[in-house]
1. Please specify each residue of region 194-233 satisfying the condition of being farther than 18 Å from residue 169 by Cβ, surrounded by fewer than 17 Cβ atoms within 10 Å (Cβ to Cβ) and in contact (Cβ under 8 Å) with a residue 60 or more places away in the chain.
2. For region 60-73, name all the residues that are within 20 Å of residue 19 (Cβ to Cβ) and in contact with a Phe, Trp or Tyr (Cβ under 8 Å, 6 or more places away or on another chain).
3. Could you list all residues from region 234-280 that are more than 21 Å from the chain's Cα centre (by Cα), surrounded by 15 or more Cβ atoms within 10 Å (Cβ to Cβ) and in a loop (DSSP other than H, G, I, E, B)?
4. Need the failing condition index for residue 62 against (1) at pLDDT 95 or above; (2) closer than 17 Å to residue 153 by Cα, just the number.
5. Given the criteria over 22 Å from the mean Cα position of the chain (by Cα), under 30 Å from residue 61 (Cα atoms) and not aromatic (Phe, Trp, Tyr), does residue 125 qualify?
6. Filter region 121-176 down to residues that are of a type in the set (Asp, Glu) and within 19 Å of residue 96 (Cα to Cα), then give me how many there are.
7. So, in region 4-24, exactly how many residues are surrounded by fewer than 22 Cβ atoms within 10 Å (Cβ to Cβ), closer than 18 Å to residue 154 by Cβ and at pLDDT 70 or above?
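The values are calculated or read from the model by the stated rules, or taken from the named source; none is laboratory data. Note that the structure is predicted; figures quoted are calculated from it, not measured. Quick reminder, even Gly has a Cβ in these numbers, built from the backbone with ideal geometry, and neighbours come from all protein chains shown.
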Amino acid sequence: MSRLAAARTPRAAPPSLATAPAPHEDAACAAVAAAVGRLGEPSAEGPGALFLGDPVRAAVALAKTGVSRREAVWALSESMATALTDALRDGRQVFAERALRRDPAGVLTAMAQAVGSPAPARPLASLAQDLAGALPAAAVADDPWLAALELLAGPLAPGTEADWPLALFMAGDSPGASCPAAIDVTGRGRILAYGPYLRLPAGRWRAGVVVEVCPDAARRPYRLEVSAGATIARAVVAPGRPGPRTLAADVELHDAAPVELRLWLERAAFHGTLRFAGARITFLGPAPHRLEAP
């Protein structure tokens, strides 16, 4: 079990408010839970709300407890992706810290409506001012692992994209080691690059990679696999000539799941070099509802 649990309902706020990370794990989430709690008991039924704090700041804080930064990012991706998946299923409205910083009163008003709180105008303005002053500083994503969390820092809309750069992938020829940009494909068919095991929320996703092959490497086919639990999607390209080539595969996730991309050399190669720069992940939209067996 990760050291950073999935979103939990804050004690100081109505049950219709959830946060990720949990209030005791992030100061912004604690401040929002307290502010919504001070609006009073809900007077109407709303759809509920999910407030997303800054996952980069939470990952940096978690890394200071002794876990590696990579492990902290994995833990935060689990927390945020699970919260977003639950919000989609429950019909909760999703609010982000970055939007709250731009418009504290507007976001707090919308959150009050979502949780069914009365939110009288004068106390609300005062609460919004207090809340803005209580927000901790935003974190700086100063490495590729931290930057990968920004995809999960707000509501997802179709077309939302994120880059998973080379630094997030490991070398197939040296498991656990960082993947080089230029990969010698000489040898048997095998995995050339794999990773990064970041968790994505439920939905339809596209993973795309661009590889550049030399004349020798262009004579062999390559395969991209996208694996998320039991779900696997594949795409194959046989370049035929040197230059850049794109592989893209779509996958449906019906729950939050850690995603692994695997770039394969399909057949043995006698010589050649392939250049790999990472992947681009695109949210295509919600996954269709899966029918339960009777």
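1. 204 - this is the single residue of region 194-233 that is farther than 18 Å from residue 169 by Cβ, surrounded by fewer than 17 Cβ atoms within 10 Å (Cβ to Cβ) and in contact (Cβ under 8 Å) with a residue 60 or more places away in the chain.
2. Hit for region 60-73 is 73, nothing else.
3. 239, 242, 272 - these are the residues of region 234-280 that are more than 21 Å from the chain's Cα centre (by Cα), surrounded by 15 or more Cβ atoms within 10 Å (Cβ to Cβ) and in a loop (DSSP other than H, G, I, E, B).
4. (1) is the only condition that residue 62 fails.
5. In short, no.
6. The total comes to 3.
7. Residues meeting the conditions: 0.
For (1) more than 14 Å from the chain's Cα centre (by Cα); (2) without any contact (Cβ under 8 Å) to a residue 40 or more places away in the chain; (3) within 15 Å of residue 32 (Cα to Cα); (4) not assigned by TED's automatic domain parsing to the domain that holds residue 30, each residue gets a yes or a no:
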position: 48; (1), (2), (3), (4): yes, no, yes, no
position: 79; (1), (2), (3), (4): no, no, no, no
position: 100; (1), (2), (3), (4): yes, no, yes, no
position: 103; (1), (2), (3), (4): yes, yes, yes, no
position: 114; (1), (2), (3), (4): yes, no, yes, no
